[in-house]
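Chemist: Here it is, the structure in full.
The values are calculated or read from the model by the stated rules, or taken from the named source; none is laboratory data. This is a predicted model, so every value here is computed, not measured. Backbone-built Cβ (ideal geometry, glycine too); neighbour counts: all protein chains shown.
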């Protein structure tokens, strides 16, 4: 099963086992990664599952769709490597994906 | 002790433990399932695209790790605030020091003749969704009573699954309570384009059938054949437990900005509350994931004596067909409505203002305006009306 690494603002590091087919957000929620709030449950409606993608992994992800891009523009401190974790589906290729959780969501 | 294991109840467990509460924690829920998300029940879950466990907020291990006693599948039947005890329907009485009521809301029921026939469905919980799902098959005739969020999301999902769908709306337009006329019109066109019959000004007089519902008769004499019926005509705050206990209730359990009820040891959060909105300067009752989540968080903090005020700009969303409707703010009291963009482009927004201050925005397939509006509303920014009406100017720059 792919493993996804979440780095929380506190420095706490989670290595989460993520079944293929669920979203990266769901994987974080299951383990209780505190900084991934995901109020809307993955509907791309709240921007509270915002993460920064490690540079090495950015190009390996399918690019965000317009709805996600529009959400990210006004998320808390967006950067060029910002993504909504609910819009990233876990695949075998993402084993080892490393994400940093922002200090706040919204 | 928390009564009600929905969005608010589950969030309160999380916040109480994160905030360092180490005492006994009991979560009572009427349903047998672990606390789960309701929004997908009319969308992906109904469509069979989501397994039940993907609805859960947390897996069972989370509640074990956080030493939470789950009492699921059992209703709280009586609350005695004098002795600080709650009686459950299985006869167990539980004493509390502090109580949080997250009772939610329940579907408003149709009262016309035939309303209790088999094949008449509501959509509020997993059991409802399961029963409804068993009726869905290609070619089946579905009549939906009510053109609000639940009715239209269900219409879209069932149409996608091949049902012949008719939506009967009592008012003169869809979602009249929550969106502008231009948005109602857009969604009516979208549903029609997907082969859904939308009929407004339709007053349901009776549901008719034999062993189960066969047709819906309207006051004007029109008759609509039905293999099954879904009723989505709004929800009522669940407050009987609180009311019987003597807590102040008025369209929901009355709480203050700290989520306290009229009893000092009892707090309430979520759809069941009538609470002050400091931003809008009036009392509101909201059926919203965000409110349930945030109010429960605040209530949990205040159960621990933190003194936090609940003051949120509410937001809502609805997925219908391939459209996403995003709403932020409350539009009541506006003196102007500005349309940004063309509905024909399938991406536009409607802004509500009072004295040039943005009160609310309805964004259709337009997440940029929606997200920008969240900040502009909260900060009470005065908008520039000329820039606002020009969709080529970003909303956040239209000031």
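Chemist: Looking at the range B:328-364 only, could you name the residues that are at negative phi, outside any strand (DSSP E or B) and within 13 Å of another protein chain (Cβ to nearest Cβ)?
Modeler: Residues satisfying the conditions are B:345, B:347.
Chemist: With the requirement that a residue be over 21 Å from residue B:182 (Cα atoms) and within 14 Å of chain A (Cβ to nearest Cβ), what does the range B:377-393 give you?
Modeler: Answer for the range B:377-393, where residues must be over 21 Å from residue B:182 (Cα atoms) and within 14 Å of chain A (Cβ to nearest Cβ): B:377, B:378, B:379, B:381.
Chemist: How many residues are under 21 Å from residue A:43 (Cβ atoms) and either touching a residue at least 40 places away in the same chain (Cβ under 8 Å) or under 20 Å from the mean Cα position of the chain (by Cα) (or both) when one looks only at the range B:372-384?
Modeler: The number of residues fulfilling the criteria is 3.
Chemist: So residue B:110 clears everything in (1) in contact with a strand residue (DSSP E or B) (Cβ under 8 Å, 6 or more places away or on another chain); (2) exposed (fewer than 12 other Cβ atoms within 10 Å of the Cβ); (3) closer than 22 Å to residue B:238 by Cα except one condition, right? Which one?
Modeler: Residue B:110 satisfies all of (1) in contact with a strand residue (DSSP E or B) (Cβ under 8 Å, 6 or more places away or on another chain); (2) exposed (fewer than 12 other Cβ atoms within 10 Å of the Cβ); (3) closer than 22 Å to residue B:238 by Cα except (2).
Chemist: Shifting gears a bit: Collect the residues in the range A:49-61 that are surrounded by fewer than 23 Cβ atoms within 10 Å (Cβ to Cβ) and either within 13 Å of chain B (Cβ to nearest Cβ) or in contact (Cβ under 8 Å) with a residue 12 or more places away in the chain (or both), keeping them in residue-number order.
Modeler: Selection gives A:52, A:53, A:54, A:55, A:56, A:57, A:58, A:60, A:61.
Chemist: Here is a check on your reading of the model: is residue B:232 buried (at least 18 other Cβ atoms within 10 Å of the Cβ), farther than 20 Å from residue B:98 by Cα and in contact (Cβ under 8 Å) with a residue 60 or more places away in the chain?
Modeler: yes
Chemist: Scan the range B:136-148 residue by residue and report those that are farther than 18 Å from residue B:202 by Cβ and surrounded by 17 or more Cβ atoms within 10 Å (Cβ to Cβ).
Modeler: B:136
Chemist: Could you pull out the residue among B:50, B:70, B:79, B:103 that is at pLDDT 95 or above, surrounded by 16 or more Cβ atoms within 10 Å (Cβ to Cβ) and part of a loop (DSSP other than H, G, I, E, B)?
Modeler: Being at pLDDT 95 or above, surrounded by 16 or more Cβ atoms within 10 Å (Cβ to Cβ) and part of a loop (DSSP other than H, G, I, E, B) holds for just one of B:50, B:70, B:79, B:103, which is B:103.
Chemist: Which condition number does residue B:91 fail, the rest of (1) in a loop (DSSP other than H, G, I, E, B); (2) modelled with pLDDT under 95 being met?
Modeler: (2)
Chemist: Let me ask another. Out of the residues in the range B:17-45 meeting the condition of being more than 14 Å from every other protein chain (Cβ to nearest Cβ) and touching a helix residue (DSSP H, G or I) at 6+ places or on another chain (Cβ under 8 Å), tell me which one is nearest to residue B:70 (Cα to Cα).
Modeler: Going through the qualifying residues, I end up with B:27.
Table: residues versus (1) within 13 Å of another protein chain (Cβ to nearest Cβ); (2) within 24 Å of residue A:12 (Cβ to Cβ).
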{"position": "A:65", "(1), (2)": "yes, no"}
{"position": "A:70", "(1), (2)": "yes, no"}
{"position": "A:75", "(1), (2)": "yes, yes"}
{"position": "A:80", "(1), (2)": "no, no"}
{"position": "A:83", "(1), (2)": "no, yes"}
{"position": "A:90", "(1), (2)": "yes, yes"}
{"position": "A:94", "(1), (2)": "no, yes"}
{"position": "A:98", "(1), (2)": "no, yes"}
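Chemist: Is it fair to say residue B:374 is farther than 12 Å from residue B:182 by Cα and in a loop (DSSP other than H, G, I, E, B)?
Modeler: Criteria not met by residue B:374.
Chemist: Here is a list of conditions, (1) within 14 Å of another protein chain (Cβ to nearest Cβ); (2) closer than 27 Å to residue B:393 by Cβ; (3) touching a helix residue (DSSP H, G or I) at 6+ places or on another chain (Cβ under 8 Å), and residue B:320 meets all of them except one; can you say which number that is?
Modeler: Going through (1) within 14 Å of another protein chain (Cβ to nearest Cβ); (2) closer than 27 Å to residue B:393 by Cβ; (3) touching a helix residue (DSSP H, G or I) at 6+ places or on another chain (Cβ under 8 Å) one by one, residue B:320 breaks only (2).
Chemist: Go through (1) more than 30 Å from residue B:346 (Cα to Cα); (2) within 14 Å of chain B (Cβ to nearest Cβ); (3) surrounded by 15 or more Cβ atoms within 10 Å (Cβ to Cβ); (4) touching a residue at least 24 places away in the same chain (Cβ under 8 Å) and name the single condition residue A:20 misses.
Modeler: Single failed check for residue A:20: (3).
Chemist: While we're here: Do we find that residue B:171 is assigned to a loop (DSSP other than H, G, I, E, B), more than 24 Å from residue B:210 (Cα to Cα) and at pLDDT 95 or above in this structure?
Modeler: yes
Chemist: Suppose the filter is within 10 Å of chain B (Cβ to nearest Cβ), surrounded by fewer than 24 Cβ atoms within 10 Å (Cβ to Cβ) and under 21 Å from residue B:57 (Cβ atoms); does residue A:34 pass it?
Modeler: Yes: the conditions hold for residue A:34.
Chemist: Kindly indicate whether residue B:343 is touching a helix residue (DSSP H, G or I) at 6+ places or on another chain (Cβ under 6 Å) and surrounded by fewer than 22 Cβ atoms within 10 Å (Cβ to Cβ).
Modeler: yes
Chemist: I'd like the full set of residues that are under 17 Å from residue B:213 (Cα atoms), in a loop (DSSP other than H, G, I, E, B) and touching a strand residue (DSSP E or B) at 6+ places or on another chain (Cβ under 8 Å), limited to the range B:124-135.
Modeler: B:135, the sole residue that qualifies.
Chemist: When you scan the range B:265-327 for strands (runs of 3 or more DSSP E) that lie fully inside it, which ones turn up with 1 or more residues that are buried (at least 23 other Cβ atoms within 10 Å of the Cβ)?
Modeler: Those strands (runs of 3 or more DSSP E) span B:266-268, B:273-277, B:315-320.
Chemist: Across the range B:382-397, what is the total count of residues that are surrounded by 16 or more Cβ atoms within 10 Å (Cβ to Cβ) and either under 20 Å from residue A:76 (Cβ atoms) or not assigned by TED's automatic domain parsing to the domain that holds residue B:330 (or both)?
Modeler: Result for the range B:382-397: 2.
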